[in-house]
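Just so it is clear, none of the values below were taken in a lab; they were calculated from the coordinates. Note that this is a predicted model, so its numbers are computed, not measured. With ideal geometry, Cβ positions are generated from the backbone for all residues, glycine too; neighbour counts draw on all protein chains shown.
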Amino acid sequence: MPPAARGRSVLLALGAFALLGLAAPAARAELVLLQGGDVLKVKAYEMGAEQARLTLRSGGVLTLSVMRIDRILADEIVPPPEVPEEVEQLAAVLLDFPADATAPPTPYGAEVLEAARKFQLNPQVVAAVMRVESAYNHRALSRKGARGLMQLMPATAARFGVRVDELFTPARNLEAGARYLRFLVDRFEGDAVRVFAAYNAGENAVDRYGGVPPYRETQEYVRRVLSALGVPAETFGAPTAAAVKAASTR
């Protein structure tokens, strides 16, 4: 297929994904995803510099190192969308570094281009993730403990060679984030939808559910990144009754 035609089919397929539905949220709690894939459901959490204090739904309290925490997500389970076949087979947006790549017209564009070139990623994809994660704020610190431009948790940064005290340095944060994206692109064989879902929810969650996890936060995150890449996502349809029943039993 010629590049131009392939690009058009990519956008059409991504647009189809973006039109998929989200349902009303379930009872609210928090999911703490640990390194190694274990998941804890908690009522509340407090993130310190080195320790996290988790209030369990059973009423107990668990204290553990922040380096054991991979992600914290809202426990809002929604039906997985019925993804059209063309989206399931999608290699998606061009994730790899193009020969004619230039710095994106965003804050830290030069640093984005450098990190993208180093890990052979499309700089527009890195910039889209950065926009959704931190709105280009290199000092961003979330309540969950994610830091910097690419909103990396300390444990994730450590996996990819960046110390916690470096995460507010734009170039180092972008390097770790881009390296993580490269890891995900290779792991999910260029499937951008799964790559973006894994950046938000972790690769273990994507593996567990065989695709985009049924977390409202993750599905919305994928939609926002695709939108930042120019894929329209104005409307969402309702899921089927079967999908609602399946999600409610997870």
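Data for the structure
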quantity: Amide H contacts of residue 45 (H built 1.01 Å from N, under 5 Å, at least 5 apart or other chain); calculated: 55
quantity: Restricting region 135-225 to GluC sites (Glu not before Pro) in coil, as DSSP defines it, with at most 15 other Cβ within 10 Å; calculated: 189
quantity: Span per principal axis, largest first, for the Cα atoms of region 109-178 (Å); calculated: 29, 23, 15
quantity: For residue 30, distant residues with modelled amide H under 5 Å away; calculated: 42, 75
quantity: 5 Å binning of all Cα-Cα separations within region 31-73, expressed as whole percents from 0 upward; calculated: 6, 25, 39, 24, 7, 0
